[in-house]
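> Below are the structure tokens for one structure; questions will follow.
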Amino acid sequence: MTDQTTQPRVLIFDTTLRDGEQSPGATMTHEEKLEIASLLDEMGVDIIEAGFPIASEGDFAAVSEIAKRAKNSTICGLARANYKDIDRCWEAVRHAASPRIHTFIGTSPLHRAIPNLDMDQMADRIHETVTHARNLCDNVQWSPMDATRTEPDYLCRVVEIAIKAGATTINIPDTVGYTYPMESAKIIRMLLERVPGADTIVFATHCHNDLGMATANALAAVEAGARQIECTINGLGERAGNTALEEVVMAMRVRNDILPYRTGIDTTKIMNLSRRVAAVSGFPVQFNKAIVGKNAFLHESGIHQDGVLKNVQTFEIMRPEDIGLTAKNIAMGKHSGRAALRAKLKELGYELADNQLNDVFVRFKALADRKKEVYDDDIVALVADQATTD
Ligand code: KIV
Ligand code: ZN
């Protein structure tokens, strides 16, 4: 494996507890939020966006408690571009050893129309609110919401204002999942080239998955110079969700030859977090979801099973144990072949002679035609039947 220690570090900013929890129906209890935050902290997430403190008393209490308990991660809270939100956010995150205020405002024409601010008025608002946040906290992140639909010249102008006012991270949100990888990269490159002071701060990428491109867009932004990825476990989030943490982290690990960046994530903790987030949010993970789906490491076709049994790399590009998965990778069903059945029988403690195996195989195929998946107990029963008919 490549020595990653000298590679640029990409910060992982997890927003499962803020943007993820904004998924309709994904509300978590106070205790559940504390549990997820502690698992994220242990996994090596650099920044946890723990909530939106002004949104409710519950959110405020959760962010404050997470801030008090965090051992390693920076704890961040979200705030709109007004003093009241920012003060409330600071009250919650200030308990953390490493606190961050994240303040944002929609900068695209559609979003500027909502507070009815013209370009100059909005620029002033950004200057005032980022300055205020920076007076409270040394670590301030600013986001121009809907950045990917904001006029490029205006985006450069407001990013420059936020940097001059003291923002230490500038996040570029693709709020409606509208961008495309080449465009995502182009925006980051443009900001790095055109904005004075851009080399003094960290650029972040925050992508939504409306067109299924959130992971690709985030990685393209990193290639262009972004050094923080905003993401959620299982890609939980508004509408079609956010960039999935497990996807970007594993992509940088598996394709480190073309994505030579490192993260601080202990990937062996991914599966457990995925399961806990699915359980507490009530959002099951789709079976074929990349990395953490039930089928992501399962092989059913005979050809694939035979290949995997001979050399696992024939059909697997990463090891299940790298994400903390210990379950078996062979699914017994109607596409399974004799080699897989023999291996499964061995695992269950049976070594059959060829004629016995043939007999069990015929009855296994007949059963598999009637059932979607054949379980270990079914196979044990087939062997027991075979023994009594001998
Ligand atoms: O998608 C978005 O624009 C956001 C911002 C609040 C950063 O979640
Ligand atoms: Zn978002």
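We did not get these values from a lab; they are worked out from the coordinates using the rules stated. Please read all numbers here as calculations on a predicted model, not as lab measurements. Note that each Cβ is placed from the backbone with ideal geometry, even for glycine, and that neighbours are counted across all protein chains shown.
> Stokes-Einstein D for segment 1-109 at 25 °C, 0.890 mPa s, Kirkwood Rh over Cα pairs, in µm²/s?
171 µm²/s
> Then there's this: Along each principal axis of its Cα atoms, how long is segment 117-205 end to end? Whole angstroms, biggest number first, please.
36, 28, 22
> Any aspartates and glutamates with Cα under 14 Å of the K71 Cα? List them, leaving off those in the same chain fewer than 8 positions away.
Excluding near neighbours in sequence, the set is E35, D41, E42, D46.
> Another question, then. Mind checking which lysines have their Cα closer than 26 Å to the Cα of K164? Skip sequence neighbours fewer than 8 apart in that chain.
K84, K186
> While we're here: Averaging over every viewing direction, what projected area does the convex hull of the Cα atoms of the chain cover, in nm²?
On the way: hull surface 85.5 nm².
For the Cα atoms of the chain, the hull's average projected area reads 21.4 nm².
> Could you work out the per residue convex hull volume over the alpha carbons of segment 285-325, in cubic angstrom? Working shown, then result.
On the way: hull volume 2.6 nm³, N = 41.
So the per-residue Cα hull volume is 65 Å³.
> At q = 0.27, 0.30 Å⁻¹, what is the base-10 log of I(q)/I(0) for segment 130-173 according to the Debye formula with one equal point scatterer per Cα and no solvent? Please give it to two decimals.
-0.90, -1.03
> What list of ³J(HN,Hα) couplings, whole Hz, do you get for segment 124-130 from phi and the Karplus terms 6.51, -1.76, 1.60, once you set θ to phi - 60° and write x for glycine and proline?
After applying 6.51 cos²θ - 1.76 cosθ + 1.60, I find 5, 4, 5, 4, 5, 6, 5 Hz.
> Now for a different question. Using the reciprocal of the averaged 1/r over all distinct C-alpha pairs, how large is the Kirkwood radius of segment 242-305 in Å?
One decimal place: 13.3 Å for the Kirkwood radius.
> If you find the alpha carbon centre of segment 217-292 and of segment 59-135, how far apart are they in angstrom?
Computed from Cα coordinates, the inter-centre distance equals 24 Å.
> Go from 0 up to the bin containing the longest alpha carbon distance in segment 72-178, width 5 Å each, and give me the % of pairs per bin.
Values per bin, smallest distances first: 2, 14, 25, 24, 18, 11, 5, 1, 0.
> Order the peptides 202-212, 281-291 from the highest to the lowest mean number of other Cβ atoms within 10 Å of their residues.
Descending mean neighbour count gives 202-212, 281-291.
> All other residues with a Cβ under 12 Å from the Cβ of R149 taken together, and with Lys, Arg as +1 and Asp, Glu as -1, what is their net charge?
Working: positive: R112; negative: D146, E151, D174, E183.
Taking every Cβ under 12 Å from that of R149, the sum is -3.
> Now for a separate question. Starting from 0 in steps of 5 Å, tell me what percent of the Cα-Cα pairs of segment 331-390 lands in each bin.
Here the calculated profile for segment 331-390 is 4, 20, 37, 27, 11, 1.
> What order do you get for 64-76, 230-242 when each peptide is scored by the mean count of other beta carbon atoms within 10 Å, highest first?
230-242, 64-76
> Step by step: find N for segment 157-308, compute 2.2 N^0.38 Å, then divide the Cα radius of gyration by it. What's the final number? Mind dumping the intermediate values first?
On the way: Rg = 17.4 Å, N = 152, 2.2 N^0.38 = 14.8 Å.
Against the compact-globule rule of thumb, the ratio is 1.17.
> May I ask you to list the aspartates and glutamates whose Cα is less than 16 Å away from that of K344, ignoring any residue fewer than eight positions away on the same chain?
Within the straight-line limit of under 16 Å, K344 reaches these aspartates and glutamates: E300, D306, D354, D359, E373, D376, D377, D378.
> Given q = 0.11, 0.12 Å⁻¹, what are the Debye log10 I(q)/I(0) values for segment 168-252, with equal point scatterers placed on the Cα positions and solvent ignored?
Values, matching the q order: -0.25, -0.30.
> Right, another one. Working from the pairwise distances between different alpha carbons, so that the mean of 1/r is found and then inverted, what is segment 220-372's Kirkwood radius in Å?
17.7 Å
> Another one. Rg and Dmax of segment 61-104, Cα atoms, in Å?
Here Rg and the maximum Cα pair distance are 9.7, 30 Å.
> Quick one: 3J(HN,Hα) in Hz for segment 237-249, Karplus 6.51/-1.76/1.60 with θ = phi - 60°, rounded, Gly and Pro as x.
Calculated HN-Hα couplings, in order: x, 2, 6, 7, x, 10, 3, 7, 3, 4, 6, 5, 5 Hz.
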